[in-house]
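Asker: I am attaching a structure below and will ask some questions about it afterwards.
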Amino acid sequence: MARSFRIGSLFGIPIKLDLTFLLVLPLFAYLIGVQTLEVTEILNGVLEAGIDTADVTAGLTPWILGFVAAVGLFVGVVLHELGHSLTARRYGFPIESITLWLFGGIAAFSEMPEDWRQEFVIAIAGPIVSVLVGVGSYGLFALTPEAFGGARFVLGYLAVLNVALAAFNMIPAFPMDGGRVLRALLARGRPYAQATQQAASIGKLFAIAMGLFGLFQINIILIGVAFFVYIAASSEAQQVTMKAAFRDVTVRDIMTPAGDLHTVEPNASVAELLRRMFTERHTGYPVVETGGAGGERLVGLVTLSDARDIKPVERDAYTVADVMTTDLKTVDPDSDAMTAIERMREHDIGRLLVVEPPNGRGAEGSFGDPASRTDGDLVGLISRSDVMTAFDIVQQSGAVDPSGRPRTGD
Ligand SMILES: [Zn+2]
C-alpha cells in the first residue's frame, strides 16, 4: 500500500492513513451532518437523550458535529484494530501496521495463526473492543449534563455506531471478523485449508447478498464492502489452498535443476540472445561466465523484457552483460514452494535463482566451483509458471509425493 502515510504509532504499531481515507472522512462527516435531526430524534427516543433539536441543527452545528462524530468513529475503528493487533501480538505474531482506508481499518499481520483457538480469540477481540468503546461512550454520554446537547449527540451517536460496528463485523462473511470466527470454529473438526474453503464460500454468498442489497438500497458503501469481501475471500482462500497443497513441497522438488538449465554468456549479443529465446522458447536465462580453469561463475539473469528494451537496430551492438540484472533474488532449495511464491510476489519478479547456501549439504547438480564462490552455488531456477503448473497438478491429481520426484519435460 504505497498510497498511505504514517501519522504516528500506538504500542509500537505504526498507524497509517491511506489516501482513500481522506475521501471517506468528509463523506462520513457529511452523511452524519445531513442526518443530525433524524439521529437526534432516534437518540431522544431510544437513549432518552433529551437533546434540544434546535441546539444541534442551527447554522454550521450539524457539520461540526458530523466531523467530530466521524473522527470519533475512526478513533473507534483504530481501537477495534488495536484489539486484534495486541491480541495477536500476545500470541507472538508480529504486527506490521494499522491502516485506515476506504472501508475502515486493516491490521497487517505478516503471518496468520493456524491454531483455531488463537484465530478465534484474535478475530473476536476487535468486536469486543468496539462493544466496550460503545459502552464507554454511553457512560460518558450519561455523565454529560443535558445542557451540552452537542456533546450528548456525539457521545450517544458513537455509543450506537460502535455497537453497530461490532455487529456488522460479526456478519459471518469471511474475511470479516465473523467469517474468521466461523473459520476458527470450522477448523476444529477439519483441516485448516478445507475450513478456509468453506468459510470463503459462505463469505462470497454473503458478499453477493450484501451487494444485491446495496444495489436495491443504492448504498455505494455497502456495494464497495461487498466487492471487497468477495475479492478478499477468493484470494485468501486461494493462498491457503496453495499453502496446504504445497505443505511438503520444497523449491528443489519443482525447480528446473541446473543440469537442465540453458545458460547464456555475458558477451553474447542481445540479437543472439533473442534468437535463442525464439528457438528454445525460454524467456529467462542465467548469465554464466566461463572462467579460466573450467570454472563457471553466475553473474546475472537476463529476461525477455531486458532484451526488449534495446532497439532492434542496436541489438548487435549490445551484449547480454549490458542489459542483464545483477541484483539477483535467490531462494534456498530446501525452503518450501510457498516461500518462493511469496518472494516473487514481494519483489514483483517472475523467477528466482535457486542457490544452495554456503556450507550447505553439498551442491546437487553442481554448478561452478563452490570453493571459489562465497555466496552459494546455483542449483536451479524456479519460475512463477513452474509453481503454477505444479500447483495445478497437485490440485487436479490429489497429492503428489514429492519424494518420488516426479519430473516433467522428458
Ligand atoms: Zn475487526
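Asker: Mind jotting down the distance between the C-alpha centroids of segment 28-76 and segment 269-288, whole Å?
Answerer: Cα centres, segment 269-288 to segment 28-76: 67 Å.
Asker: Let me ask you something else. Provide TYR138, TYR91 in ascending order of the number of other Cβ atoms located within 10 Å of each residue's Cβ, fewest first. The partial results should precede the final answer.
Answerer: Working: TYR138 18, TYR91 13.
With the sparsest Cβ surroundings first, the list reads TYR91, TYR138.
Asker: So, one more: Using the Kirkwood radius over C-alpha pairs as Rh, can you work out the diffusion coefficient of the chain via Stokes-Einstein at 20 °C, viscosity 1.002 mPa s, in µm² per second?
Answerer: 84
Asker: Within segment 98-139, what residues put their amide N at less than 13 Å from the label point 7 Å along the Cα-to-Cβ vector of VAL75?
Answerer: Residues 133-134, 136-138 qualify, since their backbone N sits under 13 Å from the label point.
Asker: Another question, if that's okay. Quick one: helix 177-186 against the long Cα principal axis of the chain, what's the angle to the nearest 10°, folded into 0 to 90?
Answerer: Compared with the principal axis, the helix lies near 60 degrees.
Asker: How large is ³J(HN,Hα), in whole Hz, for each residue of segment 221-226 in order, when computed from phi with the Karplus curve 6.51 cos²θ - 1.76 cosθ + 1.60 and θ = phi - 60°, using x for Gly and Pro?
Answerer: Running phi through 6.51 cos²θ - 1.76 cosθ + 1.60 with θ = phi - 60° gives 5, 5, 4, x, 4, 4 Hz.
Asker: Among TYR30, TYR192, which comes first, then next, by fewest other beta-carbon atoms within 10 Å?
Answerer: TYR30, TYR192
Asker: Still on this structure, please answer the following. What nm distance separates the two modelled labels at VAL135 and GLN217, each placed 7 Å from Cα along Cα→Cβ?
Answerer: So the label points at VAL135 and GLN217 sit 2.7 nm apart.
Asker: Summing -39500 (n - 2.57) over the DSSP H runs of n ≥ 4 in the chain and dividing by its residue number, what mean residue ellipticity at 222 nm do you reach, to the nearest 500 deg cm²/dmol?
Answerer: About -17500 deg cm²/dmol.
Asker: In what sequence, highest mean first, do 161-170, 264-273, 41-50 appear when ranked by Cβ atoms within 10 angstrom?
Answerer: Values: 161-170: 19.9, 264-273: 18.2, 41-50: 14.8.
The most tightly packed comes first, giving 161-170, 264-273, 41-50.
Asker: What does the net charge come to around ALA125 if you take all other residues with beta carbon closer than 13 Å to its beta carbon, with K and R at +1 and D and E at -1? Intermediate results must be reported in sequence, preceding the final value.
Answerer: Values: positive: ARG89, ARG90, ARG117, ARG180; negative: GLU81, GLU119, ASP177.
Net charge in that neighbourhood comes out at +1.
Asker: Would you work out the charge dipole size for segment 21-90 about its Cα centre, treating the Cβ of every Lys and Arg as +1 and the Cβ of every Asp and Glu as -1, and quote it to the nearest 20 debye? Could you put the intermediate results ahead of the total?
Answerer: On the way: 2 positive and 6 negative charges, 107 e Å.
Using Cβ point charges on Lys, Arg, Asp and Glu, segment 21-90 gives about 520 debye.
Asker: Using only the Cα atoms of segment 130-191, each taken as one equal point scatterer with no solvent, compute I(q) by the Debye sum, divide by I(0), and report log10 of the ratio at q = 0.12, 0.14 Å⁻¹.
Answerer: Log10 of I(q)/I(0), two decimals: -0.43, -0.51.
Asker: A further question follows. Mind giving me the FRET efficiency for GLN239 and GLU38? R0 is 25 Å, r the Cβ-Cβ distance, nearest 0.05 is fine.
Answerer: 0.05
Asker: Here's something else I'd like to know. Using unit Cβ charges (K, R positive; D, E negative) and no other charged atoms, how large, in debye to the nearest 20, is the dipole of segment 112-188 about its Cα centre?
Answerer: With only Lys, Arg, Asp and Glu charged at Cβ, the dipole is about 80 debye.
Asker: Let me ask something else about it. Using Cβ contacts closer than 10 Å as the measure, can you line up ILE124, ILE171, ILE382, ILE64 from fewest to most?
Answerer: ILE64, ILE171, ILE124, ILE382
Asker: If the cut-off is 17 Å between C-alpha atoms, which aspartates and glutamates fall inside it for LYS311, apart from same-chain ones fewer than 8 positions away?
Answerer: Correct list for LYS311: GLU272, ASP322.
Asker: On to the next question. Taking a ≥ b ≥ c as the square roots of the eigenvalues of the Cα gyration tensor of segment 243-287, is the shape rounded (a/c under 1.5), prolate (a/b larger than b/c) or oblate?
Answerer: Note, shape of segment 243-287 comes out prolate.
Asker: Hey, another quick one. Tell me the trypsin sites (Lys or Arg not before Pro) within segment 158-228 that lie in a loop according to DSSP and have at most 11 other beta-carbon atoms within 10 Å.
Answerer: Counting only loop positions with at most 11 other Cβ atoms within 10 Å, the trypsin sites (Lys or Arg not before Pro) in segment 158-228 are ARG188.
Asker: May I ask you to derive the relative contact order of the chain, considering only C-alpha pairs under 8 Å and at least 6 residues apart, and to give it as an integer percent?
Answerer: That works out to 10 percent.
Asker: Between ALA54 and THR20, what FRET efficiency follows from the Cβ-Cβ distance if R0 is 41 Å, with the result rounded to 0.05?
Answerer: Computed FRET efficiency for ALA54 and THR20 comes out at 0.65.
Asker: Under a cut-off of 19 Å between alpha-carbon atoms, report the aspartates and glutamates in cross-link reach of LYS16, not counting same-chain residues fewer than 8 places apart.
Answerer: Within the straight-line limit of under 19 Å, LYS16 reaches these aspartates and glutamates: GLU81, GLU96.
Asker: Nothing charged except the Cβ atoms of Lys and Arg (+1) and of Asp and Glu (-1): what's the magnitude of the dipole of the chain about its Cα centre? Round to the nearest 20 debye.
Answerer: Taking the Cα centre of the chain as origin, the dipole is about 640 debye.
Asker: Now for a separate question. Under a straight-distance cross-link criterion of Cα-Cα below 15 Å, which aspartates and glutamates are reachable from LYS204, leaving out those fewer than 8 residues away in the same chain?
Answerer: Answer for LYS204, where 15 Å is the Cα cut-off: ASP177, GLU236, listed by chain and number.
Asker: If I take R0 = 45 Å and measure r between the Cβ atoms of ALA147 and LEU27 in this structure, what FRET efficiency does the formula 1/(1 + (r/R0)^6) give, to the nearest 0.05?
Answerer: 0.90
Asker: Cβ under 13 Å from PHE11's Cβ, PHE11 left aside: what net charge do those residues give with Lys, Arg +1 and Asp, Glu -1?
Answerer: Within the 13 Å Cβ shell, the charges total +1.
Asker: Using a 10 Å cut-off on Cβ atoms, rank the peptides 251-258, 146-153 from the highest mean neighbour count down.
Answerer: Listed from highest to lowest mean packing, they are 251-258, 146-153.
Asker: Let me ask another. Alpha carbon centre of segment 203-260 versus segment 178-194: separation in Å?
Answerer: About 16 Å separates the Cα centre of segment 203-260 from the one of segment 178-194.
Taken together, the values in this text are just the output of simple stated rules run on the coordinates, not laboratory data. Keep in mind the model is a prediction, meaning the values are calculated, not measured. In this analysis, Cβ positions are derived from the backbone assuming ideal geometry, glycine residues included, and neighbour counts consider all displayed protein chains.
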